[in-house]
Amino acid sequence: MTTLHLVRQSAFNSNDLAQCLMIATTADTLVLIDDACYNVNHPLITQTLIEQPELAVKVIQSHAQARAMTTPNAITAITIQDLVSLTFTHEKVITWQ
Amino acid sequence: MAAFTEQETSEVAKTAEILNTTKTLALINSKAPFANTHGKDSLDVALIFASFEQVVSLFFQGDGVYQLIDQQDGSLISVKDYLKTFSAFEFYDIEDIYVCQQSLVERKLSNSFHIENVQVLTAKDFALQLSQHKHVLRF
């Protein structure tokens with residue numbers, strides 16, 4: 001059962017990302033949207049990218065660019081249309097908000 | 001009424017000086033700019049107080065530091081970019097703008113801001129500056 005995780009808040013301000021990473025498995029996809037774009041350089045994400053390289057981490061490009069956040073190479077920048085496609089390729093969606 | 005001694009006069013003068021230099025209003029900004037209206041509300045309060053010639057100091061702490069980083073563009077996510085108005089602070093005589101260094105370091109942010117005259121302070125100095133204000137509002 002693959003799950004699409006949508007994280008919407010800055011992990012410097014909430015526990016959502018930490019809780020999400022606790023249950024995310026390697027087949028899942030994690031998408032950072034809205035204020036979650038600030039998480040691209042958060043230690044939790046950095047650590048996850050090293051320890052679970054199979055877990056796909058993506059960020060909405062326009063949301064990150066609006067916030068002047070530069071995306072590290074290990075994170076894929078996607079469009080809103082790509083996000084819609086992802087909802088079809090995963091069996092479940094969990095929105096962390 | 002007895003006249004003040006010289007020492008008493010000097011003490012009163014010192015107290016008066018401290019009262020005069022006590023800054024009135026501090027605004028703490030602790031939220032990122034686009035997902036909610038806290039930052040915009042804080043800006044409105046700052047400009048209104050400044051219009052009435054009240055002394056206002058701005059403090060940026062936690063996710064609030066994201067309000068100051070360079071190269072942001074709210075139009076990409078259809079948000080009216082109130083951050084551009086920050087450049088009017090000088091015109092409104094808002095000169096005391098403080099940023100928490102620890103918050104910047106935690107978020108791996110550099111000291112390049114979209115406005116000038118920003119003072120980056122250690123957590124201790126940040127607290128010290130804040131303590132010199134009579135009133136504090138947090139957004």
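The values are calculated or read from the model by the stated rules, or taken from the named source; none is laboratory data. Keep in mind that this is a model prediction, so the values were computed, not measured. Using ideal geometry, Cβ is built from the backbone for each residue, glycine included, and neighbour counts are taken over all protein chains shown. Note: accessible area is taken over every heavy atom of the protein model, side chains too, but ligands, DNA and RNA are not part of it. Shrake-Rupley method; radii C 1.70, N 1.55, O 1.52, S 1.80 Å.
Per DSSP H run of n ≥ 4, the term is -39500 (n - 2.57); total these for chain B, divide by its residue number, and report the mean residue ellipticity at 222 nm rounded to 500 deg cm²/dmol.
Values: 4 runs with 45 residues, N = 139.
For chain B, the value works out to -10000 deg cm²/dmol.
Based on the Cα coordinates of segment B:21-66, what is the per residue volume of their convex hull in Å³? List each step's numbers first, then the result.
On the way: hull volume 2.7 nm³, N = 46.
Output value, Cα hull per residue: 58 Å³.
Short version: which residues of segment A:1-46 lose at least 20 Å² of accessible area, all chains versus chain alone, 1.4 Å probe?
A:12, A:13, A:35, A:38, A:41
Mind listing the phi-derived Karplus ³J(HN,Hα) values for segment A:82-93, rounded to whole Hz, using 6.51, -1.76 and 1.60 with θ = phi - 60°, and x for any glycine or proline?
Along segment A:82-93, the couplings run 4, 5, 4, 4, 4, 5, 7, 8, 10, 7, 9, 10 Hz.
Using θ = phi - 60° and the Karplus form 6.51 cos²θ - 1.76 cosθ + 1.60, what ³J(HN,Hα) does each residue of segment B:105-112 get, whole Hz, x for Gly and Pro?
Once rounded to whole Hz, the list reads 5, 4, 9, 6, 9, 8, 8, 9.
Mind checking which of A:17, A:30, A:44 has the largest fluctuation in a GNM of chain A, springs on alpha carbons under 10 Å?
Looking only at A:17, A:30, A:44, the biggest GNM fluctuation is shown by A:44.
Which of the lysines could a cross-linker span from residue B:84 if the Cα-Cα distance has to be under 16 Å and same-chain partners fewer than 8 positions apart are dropped?
B:40
So for chain B, averaging the separation of alpha carbon pairs under 8 Å that are six or more residues apart and normalising by length, what relative contact order in percent results? The partial results should precede the final answer.
Numbers: 190 pairs, mean separation 44.8, N = 139.
Relative CO of chain B lands at 32 percent.
Of A:53, A:11, B:132, whose Cα points farthest to the positive end of the dipole of the protein assembly as shown (charges on the beta-carbon: +1 Lys, Arg; -1 Asp, Glu; origin at the Cα centre)?
So the residue furthest toward the plus end is A:53.
To the nearest 10 degrees, how steep is helix B:38-51 against the longest Cα principal axis of chain B, on a 0 to 90 scale?
That works out to roughly 40 degrees.
If you take the accessible area of A alone, add that of B alone, and subtract the area of the pair, what total do you get in Å², probe 1.4 Å, to the nearest 100? Provide the component values of the computation, followed by the final result.
Working: alone 5360 and 8950 Å², together 13000 Å².
What A and B bury together is about 1300 Å².
Tally Lys and Arg at +1 and Asp and Glu at -1 over the other residues with C-beta under 13 Å from the C-beta of residue B:32: what net charge comes out?
Details: positive: A:8, A:67, B:31, B:40, B:107; negative: A:34, A:35, B:63.
Local net charge: +2.
Run through segment B:16-103 and list the trypsin sites (Lys or Arg not before Pro) located in a DSSP loop whose Cβ has at most 16 other Cβ atoms within 10 Å. Provide the component values of the computation, followed by the final result.
On the way: sites: B:23, B:31, B:40, B:80, B:84; in loops: B:31, B:80.
Here the sparse-neighbourhood loop sites are B:80.
Could you state how much accessible area residue B:56 has, in square angstrom rounded to the nearest 10, with a 1.4 Å probe and all protein chains kept in place?
Number for this one is 10 Å².
What FRET efficiency comes out for residue B:41 versus residue B:7 if R0 is 41 angstrom and r is the Cβ-Cβ distance? Round to the nearest 0.05.
Numbers: r = 48 Å, r/R0 = 1.16.
My answer for the efficiency is 0.30.
Quick one: if you stick a label point 7 Å off each Cα along the C-beta vector at residue A:1 and residue A:92, how many nm between them?
Reported label-point gap for residue A:1 and residue A:92 is 0.4 nm.
Among the residues of segment B:52-95, which ones have their accessible area go down by 50 Å² or more when all the protein chains sit together, as opposed to their chain alone (1.4 Å probe)?
Hits at the 50 Å² cut-off: B:63, B:66, B:76, B:77.
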